[in-house]
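The values are calculated or read from the model by the stated rules, or taken from the named source; none is laboratory data. Please read these numbers as outputs of a predicted model, since none were measured by experiment. Cβ sites come from the backbone with ideal geometry, for glycine too, and all protein chains shown count toward neighbours. We work out accessible area using only protein heavy atoms, side chains counted, and drop any ligands, DNA or RNA first. Shrake-Rupley method; radii C 1.70, N 1.55, O 1.52, S 1.80 Å.
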Amino acid sequence: MTSINYNFINIIFCFFKTLFIVFIIVFCGAMLSFIERRVLALFQNRYGPNRVGWFGLLQIVADMIKMLFKEDWVPSFSKSFLFILAPIISFISLLLVMSIIPFTDQKFIINLNIGVLFFLIMSALSVYSILFAGWSSNNKYALLGSIRAIAQTLSYEVFLGLSLMGVVAQSHSFNLFDIVYSQKKIWNIFPQFFGFITFFIAGLALCHRHPFDQPESEQELADGYHIEYSGMKFGMFFIGQYISMIVIASMITVLFLGGWYGPYLPKFLWFFFKTFILILFFILLRASLPRPRYDQILYFGWIICLPITLLNLIFTAFLILLY
Amino acid sequence: MNIKSIIFDFFTQIRSIFITFKHMFDMRETRLYPENPIYLSPRYRGRVVLTKDPNGKDRCVACNLCSVVCPVSCISLQKSQDKYGRWFSKFFKINFSRCIFCGLCEEACPTSAIQLIPDFELSDFDRKNLLYKKKYLTISGTGKDHKYNFYDHCGVSIKKKYMYNIPINVKDLLP
Ligand code: SF4
Ligand code: SF4
């Protein structure tokens with residue numbers, strides 16, 4: 001009887017802990033849309049939104065109100081089931097990855113021993129959201145955007161996985177905890193520098209950040225795959241993108257920047273700090289780099305990044321065999 | 001594409017990222033307008049006013065040139081005559097919801113009566129309020145042209161020689 005009771009309390013506790021973390025992540029994702037606008041403005045010598053609230057902090061509330069009260073319209077010409085499903089997948093798929101990320105060695109949701117694989121699965125699933133969104137909208141711009149997105153994501157997925165394999169080979173484990181433990185002496189970014197670069201690029205392409213924002217290039221495609229979406233469905237795509245940004249940044253932190261390791265400060269702060277710096281770097285990239293042409297992106301992926309990744313993997317394997 | 005150009009391209013990207021990063025420490029170009037009032041030069045073309053001559057009389061002689069030249073036809077006025085035969089405008093209206101602030105009326109006006117001033121804060125909640133009548137258009141000063149008085153330079157001598165009797169200077173090119 002007591003053990004059942006104990007289990008029950010444990011489950012409730014886990015449930016609320018998870019809920020809390022999810023809430024924090026979604027809140028951060030929403031907040032990022034404000035932070036990005038301010039930081040982007042800082043890089044471009046502007047001010048950005050600074051009218052609502054203190055320094056514009058309540059801008060996000062204003063955006064929320066606007067989005068919630070917009071007409072949530074499902075076009076009559078669309079395939080409505082897939083149309084509704086797409087933003088949900090987009091929102092959920094990378095949010096789930098957050099569950100395997102170790103914030104510190106105590107604070108985490110699950111300790112999955114196939115952590116890296118889980119991340120790859122979920123990132124592969126996120127393609128479907130764009131595929132469904134583009135296809136079910138029955139709109140040529142949406143379709144063009146999703147075609148681009150899929151071609152881009154499929155070709156970058158190849159070395160998204162391969163660039164991780166050097167890290168995995170070094171720590172002999174798919175478990176993210178073991179990967180962080182293996183970086184106690186030296187962060188993976190130094191021995192695995194080319195792996196880091198290619199994973200970074202592939203991660204950018206995965207969450208469609210600039211300069212890999214082909215699928216939603218506003219100038220030519222008028223927002224690409226989510227052109228027909230309005231109201232909260234659009235909001236889910238929008239926040240989903242920021243959540244995927246957080247996920248990629250924290251994955252890079254865990255895999256290459258030594259997770260929670262760092263001197264003096266508490267572990268959690270180190271993790272947060274590194275992730276935040278990476279996100280700021282994402283925004284800096286958006287401010288500075290122009291968007292390449294569609295074919296150039298695929299060319300860059302297959303001709304440059306894939307060979308670098310493979311060379312890096314072979315070199316790592318060679319070194320591991322040697323010592 | 002050879003290795004050299006790949007490396008070169010890589011470093012150009014790094015360079016442009018670095019240049020953007022440096023902009024973080026630069027001054028912001030945006031002016032926070034309602035808090036910091038903006039300076040506009042006196043010849044900025046904003047609201048249209050009707051000025052008075054140095055003697056404090058209306059300059060406008062209702063010649064209709066401004067109304068004709070206005071590309072959006074937003075000036076409407078009607079001529080009237082006082083007992084000495086001097087023309088003046090019976091009513092003078094400018095519809096600021098149509099005015100494009102081109103300044104052509106100012107150039108066309110022979111008496112320098114109509115002038116554009118650097119005031120651009122014209123927005124209103126009611127469109128009807130944007131139709132300015134003569135009373136609201138006229139200012140009490142001379143505007144940009146302080147000394148100019150049309151009748152000092154030209155004008156036919158009218159009945160009873162009522163105001164000015166300076167003869168026309170034929171060597172002067174001014175109107
Ligand atoms: S500024 Fe141009 S548009 Fe406005 S009243 Fe004068 S002539 Fe017409
Ligand atoms: S051009 Fe000058 S003088 Fe003639 S009607 Fe217009 S404002 Fe009056």
**Prompt:** So what does B:K57 come to for accessible area, using a 1.4 Å probe and Å² rounded to 10?
**Reply:** 110
**Request:** Using R₀ = 25 Å, calculate the FRET efficiency as 1/(1 + (r/R₀)^6) where r is the Cβ-Cβ separation of A:I92 and A:E71; round to 0.05.
**Result:** 0.55
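Just reorder A:M251, A:M165 by solvent-accessible area, largest first, 1.4 Å probe, all chains present.
Numbers: A:M251 0, A:M165 50 Å².
From most exposed to least exposed: A:M165, A:M251.
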**Asked** In deg cm²/dmol, rounded to 500, what helix-only [θ] at 222 nm does the protein assembly as shown give when every DSSP H run of at least 4 residues adds -39500 (n - 2.57) and the total is split over its residues?
**Response** -17000 deg cm²/dmol
**Request:** Under 9 Å from the Cβ of B:K52, count the other residues' Cβ atoms, weight Lys and Arg +1, Asp and Glu -1, and hand me the total.
**Result:** 0
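Just how large is the dipole of the protein assembly as shown about the Cα centre, in debye to the nearest 20, putting +1 at every Lys and Arg Cβ and -1 at every Asp and Glu Cβ?
Values: 48 positive and 30 negative charges, 490 e Å.
Computed charge dipole of the protein assembly as shown: roughly 2360 debye.
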**Message:** On a 1.4 Å probe surface of the protein chains, which of A:M245, B:M27 comes out largest in accessible area, and what is the full order?
**Reply:** B:M27, A:M245
**Message:** Out of the trypsin sites (Lys or Arg not before Pro) in region B:65-127, which ones are loop residues according to DSSP with at most 11 other C-beta atoms within 10 Å?
**Reply:** B:K83
**Item:** Cleavage-rule hits (chymotrypsin sites (Phe, Trp or Tyr not before Pro)) in region B:1-53: DSSP loop, at most 11 neighbouring Cβ within 10 angstrom
**Value:** B:Y39
**Request:** Among the chymotrypsin sites (Phe, Trp or Tyr not before Pro) in region B:61-161, which ones are in a DSSP loop with at most 12 other Cβ atoms within 10 Å of the Cβ? Mind listing them?
**Result:** B:Y84, B:F125
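What total accessible area, in Å², is buried where chains B and A meet, using a 1.4 Å probe and rounding to the nearest 100?
1600
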**Request:** Give the angle, between 0 and 90 degrees and rounded to the nearest 10, that separates the Cα long axis of helix B:3-22 from the longest principal axis of the Cα atoms of chain B.
**Result:** 50
**Message:** Probe radius 1.4 Å, ligands and nucleic acids left out: which of A:D295, B:D152 has the largest accessible area, and how do the rest follow?
**Reply:** A:D295, B:D152
**Prompt:** Per-residue mean of other chain beta-carbon atoms within 10 angstrom of the beta-carbon, peptide A:42-48?
**Reply:** 5
**Request:** Would you list, by chain and number, the aspartates and glutamates whose Cα falls below 13 Å from the Cα of A:K79, excluding same-chain residues fewer than 8 positions away?
**Result:** A:E228
**Prompt:** Where is the GNM fluctuation largest for chain B (alpha-carbon springs, 10 angstrom cutoff): B:G141, B:G56, B:G46?
**Reply:** B:G56
**Prompt:** So for chain A, what are the equivalent ellipsoid semi-axes in whole Å, largest first, each being the square root of 5 times an eigenvalue of the Cα gyration tensor?
**Reply:** 31, 26, 21
**Asked** What lysines could a cross-link reach from A:K185, if we take a straight Cα to Cα line under 23 Å and drop same-chain neighbours fewer than 8 places away?
**Response** A:K107, A:K267, A:K274
**Request:** Just tell me which aspartates and glutamates come within less than 18 Å, Cα to Cα, of B:K22; anything on the same chain fewer than 8 places away is out.
**Result:** A:E36
**Prompt:** For region A:218-291 and region B:1-68, what is the separation of their C-alpha centers, rounded to whole Å?
**Reply:** 34
**Fill in**
If R0 = 35 Å, then A:I277 and A:S80, at their Cβ-Cβ distance, give a FRET efficiency to the nearest 0.05 of 0.25
**Complete:** The extension gain from B:C102 to B:D126, computed as 0.36 nm times the residue separation minus the Cα-Cα distance, is 6.3 nm
**Complete:** At R0 = 60 Å the Cβ-Cβ FRET efficiency linking A:L58 and B:D152, nearest 0.05, sits at 0.45
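Too long at a 21 Å Cα-Cα cut-off: which of B:K93/B:K135; B:K57/B:K135; A:K17/A:K66?
Correct reply: A:K17/A:K66.
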